[in-house]
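The next block holds one structure in the form of C-alpha coordinates; read it before the comments.
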Amino acid sequence: MFHTEFDFRLPCGFLDEEGTLHRDGVMRRATAADEILPLKDPRVRNNDAYLIVILLSRVITRLGGLSMINPKVIEGLFATDLAYLQELYNRINALHDELATCPHCGKSLPLADAVAGGVRPLGESSATPSIN
(Lines give C-alpha, C1' and ligand atoms only; values in the text may rest on other atoms or scores of the structure.)
Protein backbone atom coordinates (compact mmCIF):
# COMPACT_ATOMS: atom_id res chain seq x y z
CA MET A 1 0.00 0.00 0.00
CA PHE A 2 1.31 3.44 -0.93
CA HIS A 3 1.41 5.77 2.08
CA THR A 4 1.21 9.53 1.73
CA GLU A 5 1.11 10.49 5.42
CA PHE A 6 3.38 9.41 8.25
CA ASP A 7 2.91 9.79 12.00
CA PHE A 8 5.86 10.93 14.07
CA ARG A 9 6.79 11.81 17.65
CA LEU A 10 9.39 14.53 18.19
CA PRO A 11 12.26 13.68 20.54
CA CYS A 12 11.81 16.95 22.49
CA GLY A 13 8.65 18.63 21.22
CA PHE A 14 7.55 22.13 20.29
CA LEU A 15 6.83 24.35 23.28
CA ASP A 16 4.19 26.95 22.42
CA GLU A 17 3.69 30.38 24.04
CA GLU A 18 1.26 28.94 26.59
CA GLY A 19 3.79 26.33 27.68
CA THR A 20 2.04 23.40 25.98
CA LEU A 21 4.37 20.74 24.59
CA HIS A 22 3.43 19.38 21.14
CA ARG A 23 5.22 16.14 20.18
CA ASP A 24 2.92 14.02 17.99
CA GLY A 25 2.44 14.98 14.38
CA VAL A 26 1.88 13.95 10.79
CA MET A 27 4.10 14.58 7.78
CA ARG A 28 2.94 14.01 4.21
CA ARG A 29 5.03 13.13 1.19
CA ALA A 30 6.38 16.17 -0.63
CA THR A 31 5.15 17.20 -4.05
CA ALA A 32 7.24 18.75 -6.79
CA ALA A 33 5.73 22.12 -5.87
CA ASP A 34 6.81 21.67 -2.25
CA GLU A 35 10.42 21.46 -3.38
CA ILE A 36 10.30 24.02 -6.21
CA LEU A 37 8.18 26.90 -4.91
CA PRO A 38 10.27 27.64 -1.78
CA LEU A 39 13.24 28.39 -4.05
CA LYS A 40 11.44 31.62 -5.02
CA ASP A 41 11.04 32.67 -1.37
CA PRO A 42 13.33 35.63 -0.55
CA ARG A 43 14.24 34.05 2.81
CA VAL A 44 15.62 31.02 0.96
CA ARG A 45 17.35 33.19 -1.64
CA ASN A 46 19.11 35.07 1.16
CA ASN A 47 19.96 31.93 3.16
CA ASP A 48 20.01 28.45 1.58
CA ALA A 49 19.74 26.83 5.02
CA TYR A 50 16.22 28.31 5.37
CA LEU A 51 14.92 25.92 2.68
CA ILE A 52 14.27 23.14 5.20
CA VAL A 53 12.19 25.53 7.33
CA ILE A 54 9.89 26.30 4.39
CA LEU A 55 9.78 22.65 3.24
CA LEU A 56 8.81 21.34 6.66
CA SER A 57 6.16 24.02 7.13
CA ARG A 58 4.58 22.82 3.87
CA VAL A 59 4.64 19.05 4.55
CA ILE A 60 3.88 18.83 8.27
CA THR A 61 0.10 18.68 8.38
CA ARG A 62 -0.33 18.30 12.14
CA LEU A 63 1.72 18.93 15.24
CA GLY A 64 -0.03 18.32 18.52
CA GLY A 65 -2.95 20.69 18.98
CA LEU A 66 -1.57 23.48 16.82
CA SER A 67 -4.11 24.86 14.37
CA MET A 68 -1.50 25.86 11.77
CA ILE A 69 2.08 24.90 10.98
CA ASN A 70 4.05 27.79 9.52
CA PRO A 71 7.74 28.75 9.29
CA LYS A 72 7.58 30.45 12.71
CA VAL A 73 6.65 27.09 14.30
CA ILE A 74 9.51 25.33 12.52
CA GLU A 75 11.91 28.10 13.59
CA GLY A 76 10.85 27.48 17.19
CA LEU A 77 11.77 23.79 17.18
CA PHE A 78 14.70 22.54 19.19
CA ALA A 79 17.69 21.62 16.99
CA THR A 80 17.22 17.95 17.92
CA ASP A 81 13.67 18.01 16.56
CA LEU A 82 14.69 19.88 13.40
CA ALA A 83 17.33 17.23 12.67
CA TYR A 84 14.79 14.45 13.36
CA LEU A 85 12.24 15.99 10.97
CA GLN A 86 14.87 16.60 8.32
CA GLU A 87 15.86 12.93 8.43
CA LEU A 88 12.21 11.84 8.37
CA TYR A 89 11.55 14.09 5.36
CA ASN A 90 14.44 12.49 3.50
CA ARG A 91 13.37 8.95 4.43
CA ILE A 92 9.74 9.28 3.35
CA ASN A 93 10.63 11.02 0.09
CA ALA A 94 13.37 8.54 -0.87
CA LEU A 95 13.06 5.99 -3.64
CA HIS A 96 12.31 2.79 -1.73
CA ASP A 97 13.45 0.41 -4.44
CA GLU A 98 17.06 1.57 -4.22
CA LEU A 99 19.36 -0.63 -2.15
CA ALA A 100 22.30 0.32 0.01
CA THR A 101 24.86 -1.92 1.69
CA CYS A 102 25.27 -1.67 5.44
CA PRO A 103 28.89 -0.74 6.17
CA HIS A 104 28.79 -2.75 9.41
CA CYS A 105 27.26 -6.09 8.42
CA GLY A 106 27.31 -6.02 4.60
CA LYS A 107 23.55 -6.68 4.38
CA SER A 108 21.56 -5.03 1.58
CA LEU A 109 18.84 -2.74 2.87
CA PRO A 110 16.25 -0.50 1.25
CA LEU A 111 17.84 2.94 0.98
CA ALA A 112 15.19 4.45 3.28
CA ASP A 113 16.23 2.00 6.04
CA ALA A 114 19.90 2.67 5.41
CA VAL A 115 19.33 6.41 5.76
CA ALA A 116 17.69 5.80 9.10
CA GLY A 117 20.78 3.84 10.12
CA GLY A 118 23.09 6.70 9.24
CA VAL A 119 24.59 5.63 5.90
CA ARG A 120 23.76 9.01 4.32
CA PRO A 121 24.69 12.18 6.24
CA LEU A 122 21.80 13.43 8.37
CA GLY A 123 19.56 15.85 6.53
CA GLU A 124 21.29 15.63 3.18
CA SER A 125 19.37 15.37 -0.08
CA SER A 126 19.03 17.50 -3.18
CA ALA A 127 16.31 19.45 -1.38
CA THR A 128 18.19 19.70 1.91
CA PRO A 129 21.90 19.80 1.07
CA SER A 130 24.55 19.69 3.73
CA ILE A 131 25.72 23.18 4.69
CA ASN A 132 29.07 21.99 6.05
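Miscellaneous remarks
- Per residue, in Å², the accessible surface of the range 1-64 once ligands and nucleic acids are set aside, probe 1.4 Å: 61 Å²
- Remark: relative contact order (the range 6-98) = 32 percent; criterion is Cα-Cα distance under 8 angstrom and separation of 6 or more residues.
- Shape call, the range 1-102: gyration tensor on alpha carbons, a/c limit 1.5: oblate
- Protein accessible area in the range 18-109, 1.4 Å probe - carbon and sulfur %: 54 percent
- Positive minus negative residues near PHE8 (Lys, Arg vs Asp, Glu; Cβ under 15 Å): +1
- To the nearest 10, the accessible area of LEU21 is 90 Å² with a 1.4 Å probe.
- Tensor-based shape of the range 1-59 (alpha-carbon gyration tensor, a/c under 1.5 rounded, otherwise prolate or oblate): oblate
The values are calculated or read from the model by the stated rules, or taken from the named source; none is laboratory data. Note that this is a predicted model, so its numbers are computed, not measured. Positions of Cβ are backbone-derived with ideal geometry, glycine not excepted, and every protein chain shown enters the neighbour counts. What goes into the accessible areas is simple: the full protein's heavy atoms, side chains included, and nothing from ligands, DNA or RNA. Shrake-Rupley method; radii C 1.70, N 1.55, O 1.52, S 1.80 Å.
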